[in-house]
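The structure appears below as structure tokens.
The values are calculated or read from the model by the stated rules, or taken from the named source; none is laboratory data. On a predicted model such as this, the values are computed, not experimentally measured, just so you know. As a convention, Cβ positions derive from the backbone with ideal geometry for all residues, glycine included, and neighbour counts pool all protein chains shown. The accessibility values were calculated without ligands, DNA or RNA, using every heavy atom of the protein model including side chains. Shrake-Rupley method; radii C 1.70, N 1.55, O 1.52, S 1.80 Å.
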Amino acid sequence: MSLRIISLILMLLVFPGYYTSAGSAEQDTGMLFGSDHAFFITAAKGWVLDNKSGVKQGLHMIFYPAGYTWSNSPVIAYGQKVSKDSKTRSVRDQVDATLEMFHSKGSPKYKIVRERSMPLPHGKKAYIYHYAGDQWGNHEAVAYVEEKNTINFLVFNARKQSDFDKYLPAFEQMIATYRSAGTSEPVDDKTFRELVKEAKRQSETPKGIEYEELVMRRAGEAVAAIMRSCSSFVGNDNVKPFEAVFRIKPDGSIVQAYVNPEAALSTCFQGLFQLTIHPPHKFESYLLHMNMKIE
């Protein structure tokens, strides 16, 4: 009896602690997600998250002080990521590529002013670089976090040195909230189907039936809220059905997650649901299978 959530009524649920999909709000958390990344950053005190104003420029998670807008704020911050490849394998590779790009685009004096690292939860580090010398006179700081498949980063930009210094503590406050949902290696359809079969075998045992019922009693509302939040973020044209498989450790945390097919909605759900904690169990690991569909 594999766990199946066929239809969810997603009307008045609220899921605090994750990104908001409309407007801007103080102390909100933004999420960037894709097939190889999913991470979160929370607005600093007195700042707002805006996930609409920068979309045309490819920026889906931007921050600025309350009372300003994306266009008139003296400082802005925005999240980005770069996928690792043969040329970009580390933070330093990305830094060198940034310097080279500015030098070739009319800012030969662009340089690193300062660099340091900041410890983050779960043993991660943010590598912070201060830049100056571009042709527009901007002052920037970028905090890079290296993940398995990507380098995720938060950019802080100010037009004046005085504003840069004034708001720099807020930027550092935001990067301190960084958390990654993590992603699993993509699997082909055959491998995914094998995972589903394994999940069904577990779920058909008496202990499996009992455990899945316990999971859904505790997580059912969160699942619906995540789907509501993700579907509103990606738009109604992209809310196609998908399947998900999550491997739950004995302590109740999720160690692996797979979705099929990979798309904006399924990847968003994958990233958010990986943050949930479930009841402990006595299996070596438990595979939770879900069929997801919004009506």
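Between the beta carbons of Lys45 and Ile277, assuming R0 = 30 Å, the FRET efficiency works out to 0.65 to the nearest 0.05. When the Debye formula is applied to the Cα atoms of the range 48-203, each taken as the same point scatterer, what base-10 log of I(q)/I(0) results at q = 0.12, 0.19, 0.20 Å⁻¹? So the normalised log intensities are -0.61, -1.28, -1.40. Scanning residues 5 or more positions from Arg179 or on other chains, those with amide H under 5 Å from its amide H are Phe40, with H placed 1.01 Å from N in the peptide plane.
In the structure displayed, which of Lys45/Lys81; Lys124/Lys207; Lys207/Lys249; Lys45/Lys293; Lys84/Lys249 lie more than 26 Å apart, Cα to Cα?
Values: Lys45/Lys81 24 Å; Lys124/Lys207 36 Å; Lys207/Lys249 15 Å; Lys45/Lys293 37 Å; Lys84/Lys249 28 Å.
Long pairs (Cα-Cα over 26 Å): Lys124/Lys207; Lys45/Lys293; Lys84/Lys249.
Largest mean-square fluctuation among Ile76, Ile112, Ile151, in a Gaussian network model of the chain whose springs join Cα atoms under 10 Å apart, belongs to Ile112. Please report the spacing between the Cα centers of the range 104-120 and the range 141-208 in Å, no decimals. Here the two parts' Cα centres lie 23 Å apart. If R0 is 22 Å, the Cβ-Cβ spacing of His103 and Arg159 corresponds to a FRET efficiency of close to 0.55.
The distance between label points at Asn138 and Ser71 comes to 1.8 nm (points 7 Å beyond Cα on the Cα→Cβ vector). Rounded to the nearest 500, the helix-only mean residue ellipticity at 222 nm of the chain stands at -9500 deg cm²/dmol, with each DSSP H run of n ≥ 4 adding -39,500 (n - 2.57).
Under a Cβ-Cβ cut-off of 10 Å, what is the net charge of the residues other than Phe156 that fall near it, where Lys and Arg count +1 and Asp and Glu count -1? Don't skip to the end; give the middle numbers.
Details: positive: none; negative: Glu140, Glu172.
Spelling it out: positives minus negatives among the neighbours equals -2.
Using a 1.4 Å probe over the heavy atoms of the protein chains, calculate the carbon and sulfur portion of the accessible area of the range 158-295 as a whole percent.
Numbers: 3350 of 6780 Å².
Carbon with sulfur: 49 percent of the solvent-accessible area.
A Förster radius of 22 Å, combined with the Cβ-Cβ distance separating Glu221 from Met118, puts the computed FRET efficiency at roughly 0.05. With protein chains left intact and a 1.4 Å probe, residues in the chain average 50 Å² of accessible area per residue.
How long is the gain from Lys148 to Lys52 if the chain were fully straight, where each residue apart is worth 0.36 nm and the alpha carbon distance is subtracted?
Details: separation 96, 0.36 × 96 = 34.56 nm, distance 2.83 nm.
Length difference between fully extended and current span is 31.7 nm.
Only lysines eight or more places from Lys109 in sequence, or on another chain, were considered; those with a Cα closer than 22 Å are Lys160. Between Lys190 and Lys111, the contour length at 0.36 nm per residue exceeds the alpha carbon distance by 23.5 nm.
Mean-square fluctuations from a GNM of the chain, with a 10 angstrom spring cutoff on Cα atoms, peak among Lys200, Lys109, Lys148 at Lys109.
Rolling a 1.4 angstrom probe over the range 82-127 with all protein chains present gives an accessible area of which 53% lies on carbon and sulfur atoms. Approximating the spin labels as points 7 Å out from Cα along Cα→Cβ, the Lys125-to-Val255 distance works out to 2.7 nm. Looking only at Gly30, Gly46, Gly58, which one moves most when the chain is put into a Gaussian network model with springs between Cα atoms under 10 Å? Highest fluctuation of the listed residues: Gly58. All Cα-Cα separations within the range 150-232 were binned at 10 Å from zero, giving a P(r) of 12, 20, 30, 17, 12, 7, 1, each value a whole percent of the pairs.
Given Cα positions, please report Rg to Rh for the chain, the hydrodynamic radius being the Kirkwood one.
Taking Rg over the Kirkwood Rh, I get 1.01.
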